[in-house]
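The values are calculated or read from the model by the stated rules, or taken from the named source; none is laboratory data. If you're wondering where the values come from, they're calculated on a predicted model, not measured in any experiment. Accessible surface is based on the protein model in full, side chains and every heavy atom, while ligands, DNA and RNA are left aside. Shrake-Rupley method; radii C 1.70, N 1.55, O 1.52, S 1.80 Å.
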Amino acid sequence: MVVKVYGPHYASTKRVLVCLAEKGIEFETLPVDLIKGENRNPEFLELQPFGSVPVIQDGDYTLYESRAIIRYYAEKHKSQGTDLLGESIEERGRVEQWLEVEAQNYHPQIYNLTLHILFATALGFAPDEKLIKESEEKLAKVLDIYEERLSRSKYLAGDFFSLADLSHLPFTQYLVGPMKKEFMIRSRKHVSAWWDDISSRPSWKKVSLL
């Protein structure tokens with residue numbers, strides 16, 4: 001059965017799409033224009049009452065929140081495609097740990113940068129330069145911790161590519177691309193090597209073109 005994925009052009013949705021690609025799961029995408037407010041249409045709010053993307057429909061099963069979705073598919077299809085959860089309970093624990101690090105420490109800072117540098121004007125408000133500066137400083141400190149971790153293992157959860165790495169792809173692409181802050185990655189030897197590795201995966205190359 002083909003999985004329907006709403007809002008393919010946005011970073012959080014690409015997190016889901018790259019997971020589906022790694023697992024070899026067929027999907028179709030349905031556009032949702034947040035700038036035009038299509039996420040506030042009654043039909044969409046029936047699927048996602050908070051009005052955000054992504055949302056998936058898998059038969060009669062509907063799920064939202066990108067990290068919940070990638071956990072769901074990584075578990076449901078664990079033996080198919082890339083194993084994104086690890087082989088032991090200890091490896092799974094580290095995957096979950098670094099997923100939480102991404103969600104609680106990495107994402108808030110990079111989201112602020114994305115919102116205020118790339119989308120503020122389109123959304124009708126002025127970029128907050130103070131918040132941009134503070135978020136960049138906080139993100140740098142997080143990346144310093146990543147640098148230390150990645151000096152000891154190839155990937156965040158160990159020597160295997162997992163959801164923990166995958167979850168970083170879409171927003172980090174904004175950082176090194178349109179935000180022109182690639183120096184934050186390249187100034188850290190092990191973070192830079194990690195980024196080159198995960199961003200060169202065929203799944204991401206496919207999804208990043210959507």
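Observations
- Kirkwood estimate for the range 82-200, i.e. one over the average of 1/r between Cα atoms, Å: 14.8 Å
- Two-decimal log10 I(q)/I(0) for the chain, as the Debye equation yields it once each C-alpha is a single scatterer, q = 0.08, 0.11 Å⁻¹: -0.28, -0.53
- Protein accessible area in the range 20-59, 1.4 Å probe - carbon and sulfur %: 50 percent
- Too-long pairs where the Cα-Cα distance tops 19 Å, listed order kept, from Lys36/Lys206; Lys23/Lys76; Lys138/Lys181; Lys78/Lys205; Lys14/Lys205: Lys36/Lys206; Lys78/Lys205
- Translational diffusion coefficient (Stokes-Einstein; Kirkwood radius from C-alpha pairs) of the range 1-125 at 20 °C, 1.002 mPa s, in µm²/s: 136 µm²/s
- Span-like helix criteria (full DSSP H runs; alpha carbon extent of at least 24 Å along the helix axis; mean Kyte-Doolittle hydropathy of at least -1.0) are satisfied in the chain by 129-150.
- Between Leu123, Leu20, Leu113, the residue with the greatest mean-square fluctuation in the GNM of the chain (Cα pairs under 10 Å linked by springs) is Leu123.
- When the range 135-199 is reduced to its Cα atoms, the Kirkwood hydrodynamic radius in Å: 11.9 Å
- Highest-fluctuation residue, Val55, Val101, Val16 considered, GNM on the chain with Cα pairs under 10 Å: Val101
- Residue separation of Lys154 and Leu123 scaled by 0.36 nm, minus their Cα-Cα distance, works out to 7.3 nm of gained length.
- Across the range 59-152, the fraction of Cα-Cα pairs farther apart than 16 Å, rounded to a whole number, is 68%.
- When both bridge partners sit in the chain, DSSP labels roughly 65% of those beta bridges antiparallel.
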